[in-house]
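The values are calculated or read from the model by the stated rules, or taken from the named source; none is laboratory data. Please read these numbers as outputs of a predicted model, since none were measured by experiment. Here the Cβ is made from the backbone with ideal geometry for all residues, glycine too, and neighbour counts use every protein chain on show.
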Amino acid sequence: MSDGMYNFKLSEAALDDLLSKGQYAEYNNQMRRENFKKNEFAAHLDEDDTHYLMTLSGALNHNTFYIFKSILTRISDNTNKSLEIDCSQLLSINSTGLSEFLKLARCFSKKMTLFHVNQSILAILDMSGLLKIINIAPAETEIH
């Protein structure tokens, strides 16, 4: 997959920018910075002519969803491709992350598949009802 490669990670400068805009006024800056360090998240996106491959790592939550949302914005215009998401390094997800998964599922319909989902995230997806609309590949399935 060499047609396009994108890495997304919220830098300290970007965090400072978000904090200066008062987007999380209910917390003081020091607590937000400490929370951010505990909840690091990264996403990597490859694409070719027929599909996207996204790799997620860390915690997808209200502190880190901006990174994931930047990818969603990038790929939501071209939903003719399939989307494969490698969750082998995704450590946790909260309701904000689930909401972003739901948006992706709506965009990609049946063409979105999650791979290597750990048991705790699988349980959250099940309890939320997202397993009814998101494809989960069997554990031994290779990513294309």
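For this structure, a couple of remarks:
- All positions within the stretch 89-111 that are in a helix (DSSP H, G or I) and hydrophobic (A, V, I, L, M, F, W, C): Leu98, Phe101, Leu102, Leu104, Ala105, Cys107, Phe108
- Thr96 vs. criteria at pLDDT 85 or above and assigned by TED's automatic domain parsing to the domain that holds Leu125: yes
- When Asp86 is tested against (1) charged (D, E, K, R); (2) in a strand (DSSP E or B); (3) free of Cβ contacts under 8 Å to residues at least 40 places away in the same chain, only condition (3) is not met.
- Taken as a whole, the condition of being touching a residue at least 12 places away in the same chain (Cβ under 8 Å) and farther than 19 Å from Ala43 by Cα applies to Ile124.
- Filter pass, Ser70 being under 18 Å from His44 (Cα atoms), outside any loop (DSSP other than H, G, I, E, B) and touching a His at 6+ places or on another chain (Cβ under 6 Å): no
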